[in-house]
Amino acid sequence: MQNLINMAKEKQPLICCLCDKEIKPCPITGWAYGHNPAPLGKKATDRCCDECNATKVLPARMGAFINLSK
């Protein structure tokens, strides 16, 4: 988290680790640090955008959960 805060202070845009697009702040909350892309991210500091979170990360998590439940 500290690495993300340092990037924000330096005005470096956060880039989605899955689609390489800039992560935009949430218009409602102002949160500018994106989402945790686990299990699809490769590094602990990776972040993903709203679109990739909804279309890639959450389905991957649900799939993993369903497979564990069998």
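The values are calculated or read from the model by the stated rules, or taken from the named source; none is laboratory data. Bear in mind that the values here come from a model prediction, so they are computed numbers and not experimental data. Only protein heavy atoms, including side chains, enter the accessible area calculation; ligands, DNA and RNA are left aside. Shrake-Rupley method; radii C 1.70, N 1.55, O 1.52, S 1.80 Å.
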Potential lengthening between Lys21 and Asp50 on full extension [0.36 nm per residue; Cα-Cα distance subtracted]: 9.4 nm
Linear extension gain, Ala38 paired with Phe65, 0.36 nm per residue minus alpha-carbon span: 8.4 nm
By accessible area with a 1.4 Å probe, ligands and nucleic acids excluded, highest first: order of Ile23, Ile28, Ile66: Ile28, Ile66, Ile23
